[in-house]
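I have placed the structure first, in the form of structure tokens, so that the comments after it can refer back to it.
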Amino acid sequence: MAHMYKQHSQILLTTNEMGKADSAAVVAGVPAMELMAAAGKAVADAVLGRWSRCSVLVLCGPGNNGGDGFVVSQLLLSAGWPVRLAFWGSVEKLSPEAAHFYYAWQGEVEAYSVDLLEQTDLVIDAMFGAGLTHALEDKARDMVDGIIERKIPVCAIDVPSGVDGTTGAALGNVAPAELTVTFFRQKPGHLLFPGRGLCGKLVVADIGIPDPVLDELNLQTWENSPELWCRDYPWPRSEEHKFHRGHAVVYGGENITGASRLTARGAMRIGAGLVSLAVPIKAWAIYATAMTSVMVVKLEQSQEAEDFEELLLDPRHNVIAVGPGAGLAGFERIRTRKIVLAALATNRPTVLDADALSAFADDPKILFDAINGPCVMTPHEGEFARLFPTFNESTDINKSPDINEQCVADKLTRTRLAAKLSGAVVVLKGADTVIASPDGRAIINSNAPADLATGGSGDVLAGFIVGLLAQGMLPFDAAAAAVWLHGEVGNEVGIGLIADDLPNHLPKVLSAFKRQYFSD
Ligand SMILES: NC(=O)C1=CN([C@@H]2O[C@H](COP(=O)(O)OP(=O)(O)OC[C@H]3O[C@@H](n4cnc5c(N)ncnc54)[C@H](OP(=O)(O)O)[C@@H]3O)[C@@H](O)[C@H]2O)[C@@H](O)CC1
Ligand SMILES: Nc1ncnc2c1ncn2[C@@H]1O[C@H](COP(=O)(O)OP(=O)(O)O)[C@@H](O)[C@H]1O
Ligand SMILES: [K+]
């Protein structure tokens with residue numbers, strides 16, 4: 001499986017991995033000088049394609065990002081554009097290739113000064129790329145502040161200076177780019193916020209690094225796309241009947257009944273053969289009136305967990321979802337915990353969302369110890385912070401965690417650590433949802449519109465995941481596929497979206513997906 005993931009253009013490279021790819025390309029016979037020339041040309045081409053002739057200021061920094069800037073400057077000058085170049089660094093410390101292009105520049109080299117911004121229509125940001133190690137200081141910081149103040153359009157090389165390409169963190173103020181041109185592959189920081197919001201339109205340019213250099217690197221991070229999991233997508237087949245498509249059991253709570261109904265409908269729509277919604281007897285009539293294709297099963301008063309366990313004795317109930325609307329108030333918390341532990345004890349694929357996660361806030365280790373089979377957890381940031389308050393490798397999960405402690409690591413690292421600590425696939429939701437597997441693989445999702453930020457949309461996502469698990473998809477693939485389809489449905493419905501729309505519009509999105517990826 002990991003091998004299959006290796007092939008794809010969706011691979012994301014950390015700064016370190018990109019450095020290794022560069023070095024491997026040089027070893028494979030592509031001179032560093034050619035890589036820099038190609039990088040600069042890609043940026044110049046992108047600028048010529050997007051802007052008409054205007055007054056350009058190229059801000060070159062002390063490393064190879066500045067080297068790319070020298071190349072762009074000369075190419076734009078040769079194209080007849082008015083170009084000024086400002087350099088901040090020392091010529092003696094430039095790499096041989098950056099020094100080469102420094103001397104090839106036919107114009108004047110100026111020092112950084114905010115006065116240069118006065119007659120500038122477009123800034124090329126070649127200050128710092130992958131090599132940035134700390135926040136911008138002195139003149140570089142003043143330039144950034146000056147650009148922000150004057151709202152000058154920016155084309156960034158590799159990343160907007162100040163953005164960490166590996167984490168998407170902004171190290172101090174960053175001038176937002178209209179266009180960012182990066183090389184060979186995207187970096188996680190192009191997809192994770194705040195980096196993603198600062199890049200503007202992103203172009204990934206081929207600079208002649210051969211793809212096979214990737215084989216030598218143990219790559220673990222991808223941008224979500226059907227190419228990663230479409231081969232395992234469980235389309236209905238003629239020889240199957242409904243029992244072949246799985247039977248999902250969704251737990252529904254007593255007071256908030258809408259949430260689990262959305263989960264159940266999501267599971268049904270994405271193709272689970274059968275869905276049973278198991279609910280406390282007091283709320284049974286409400287559920288039963290609302291559902292049609294979903295079966296509603298009664299759990300007797302004060303023995304809900306026991307009845308739930310009994311329901312799971314039927315081996316045809318192959319997957320379980322608990323959490324949406326499960327309840328946390330008073331006795332409900334204990335019941336929710338019992339239901340979760342009963343589900344996990346079956347070792348069948350289980351999706352835990354919302355209250356199923358929060359119910360273990362005071363002792364997450366109980367939950368993690370119970371996860372021995374395939375499991376997907378789908379926290380939003382608030383739920384995540386309750387279960388995983390600290391995020392370094394030395395985290396002592398035996399200690400009762402302090403839920404107020406600050407999260408220090410970036411979203412990708414945090415999600416990976418959470419998956420490793422818990423043994424579950426973790427889907428940390430948001431505009432840049434990260435999906436991480438305990439084996440170290442991680443996927444960043446990038447297609448979700450902000451319209452999805454509405455009550456209940458996460459409940460539907462849990463349903464999509466459990467519905468795909470019911471049909472035999474593996475947890476990491478099911479989570480990635482569901483998150484991507486959820487984003488696509490969000491785009492399909494767009495403004496005005498409510499969670500109820502998501503299952504209803506899924507068929508259209510599935511048809512388009514099938515047409516695009518499975519037409520002969
Ligand atoms: N084959 C290749 O490699 C290719 C690379 N390419 C290009 O190279 C870029 C990566 O180049 P790079 O590694 O030289 O890093 P870059 O970002 O230019 O700066 C590093 C310098 O800045 C310094 N420094 C860091 N932070 C600082 C701060 N806050 N304030 C002040 N100084 C700071 C740091 O010194 P340090 O502080 O670490 O001592 C160092 O001197 C990449 O993004 C792409 O554009 C393309 O040409 C394609 C082929
Ligand atoms: N700004 C945003 N852009 C894109 N997707 C978002 C945004 N905010 C939230 N989402 C998505 O909406 C869903 C919300 O889920 P969740 O927070 O669990 O809400 P609920 O519990 O009401 O269902 C998640 O899939 C999340 O990734
Ligand atoms: K830059």
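Below is a table of values for the structure above.
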{"item": "Any hit, the range 169-185, residues being within 11 Å of ligand 1 (Cβ to nearest atom), farther than 30 Å from residue 519 by Cα and at pLDDT below 95", "result": "yes"}
{"item": "Answer from 164, 215, 206 - the residue that is surrounded by fewer than 20 Cβ atoms within 10 Å (Cβ to Cβ) and closer than 23 Å to residue 416 by Cβ", "result": "215"}
{"item": "Cβ pairs under 7 Å, 6+ apart, first in the range 77-90 and away from ligand 3 (no atom under 15 Å from the Cβ) and at pLDDT 95 or above, second part of a strand (DSSP E or B) and open to solvent by 50 Å² or more (accessible area, probe 1.4 Å)", "result": "none"}
{"item": "Single match in 172, 165 (criterion: more than 16 Å from ligand 2 (Cβ to nearest atom) and closer than 23 Å to residue 9 by Cβ)", "result": "165"}
{"item": "Helices (runs of 4 or more DSSP H) wholly inside the range 1-71 that include at least 2 residues being at pLDDT 95 or above and surrounded by 15 or more Cβ atoms within 10 Å (Cβ to Cβ)", "result": "15-27, 32-50"}
{"item": "Count of residues meeting criterion [assigned to a loop (DSSP other than H, G, I, E, B) and either within 6 Å of ligand 2 (Cβ to nearest atom) or closer than 16 Å to residue 379 by Cβ (or both)] in the range 424-448", "result": "10"}
{"item": "Selection within the range 107-161 - open to solvent by less than 10 Å² (accessible area, probe 1.4 Å), among the hydrophobic types (A, V, I, L, M, F, W, C) and more than 15 Å from ligand 3 (Cβ to nearest atom)", "result": "117"}
{"item": "In the range 276-317, residue most open to solvent (accessible area, probe 1.4 Å) [restricted to those that are part of a loop (DSSP other than H, G, I, E, B) and in contact with a helix residue (DSSP H, G or I) (Cβ under 6 Å, 6 or more places away or on another chain)]", "result": "301"}
{"item": "Any hit, the range 90-105, residues being in contact with a Cys (Cβ under 7 Å, 6 or more places away or on another chain) and surrounded by fewer than 24 Cβ atoms within 10 Å (Cβ to Cβ)", "result": "no"}
{"item": "Residue tally, condition within 35 Å of the chain's Cα centre (by Cα) and either of a type in the set (A, V, I, L, M, F, W, C) or open to solvent by 20 Å² or more (accessible area, probe 1.4 Å) (or both), over the range 72-86", "result": "1"}
{"item": "The range 114-167, residues that are within 30 Å of the chain's Cα centre (by Cα) and more than 13 Å from ligand 1 (Cβ to nearest atom)", "result": "123, 145, 147, 148, 151, 152, 153, 154, 167"}
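Condition check ((1) in contact with a Pro (Cβ under 7 Å, 6 or more places away or on another chain); (2) of a type in the set (A, V, I, L, M); (3) more than 16 Å from ligand 2 (Cβ to nearest atom)) across all residues:
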site: 69; (1), (2), (3): no, no, yes
site: 80; (1), (2), (3): no, no, yes
site: 88; (1), (2), (3): yes, no, yes
site: 95; (1), (2), (3): no, no, yes
site: 106; (1), (2), (3): no, no, yes
site: 118; (1), (2), (3): no, no, yes
site: 126; (1), (2), (3): no, yes, yes
site: 133; (1), (2), (3): no, no, yes
site: 136; (1), (2), (3): no, yes, yes
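Quick grid of which residues meet (1) at pLDDT 95 or above; (2) over 13 Å from the mean Cα position of the chain (by Cα); (3) not polar (S, T, N, Q):
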site	(1), (2), (3)
414	no, no, yes
417	no, yes, yes
423	yes, yes, yes
439	yes, yes, yes
472	yes, yes, yes
478	yes, yes, yes
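The values are calculated or read from the model by the stated rules, or taken from the named source; none is laboratory data. These numbers come from a predicted model, not from an experiment. Backbone-built Cβ (ideal geometry, glycine too); neighbour counts: all protein chains shown. The protein model used for the area step is the full one, side chains on, heavy atoms only, and it has no ligands, DNA or RNA in it. Shrake-Rupley method; radii C 1.70, N 1.55, O 1.52, S 1.80 Å.
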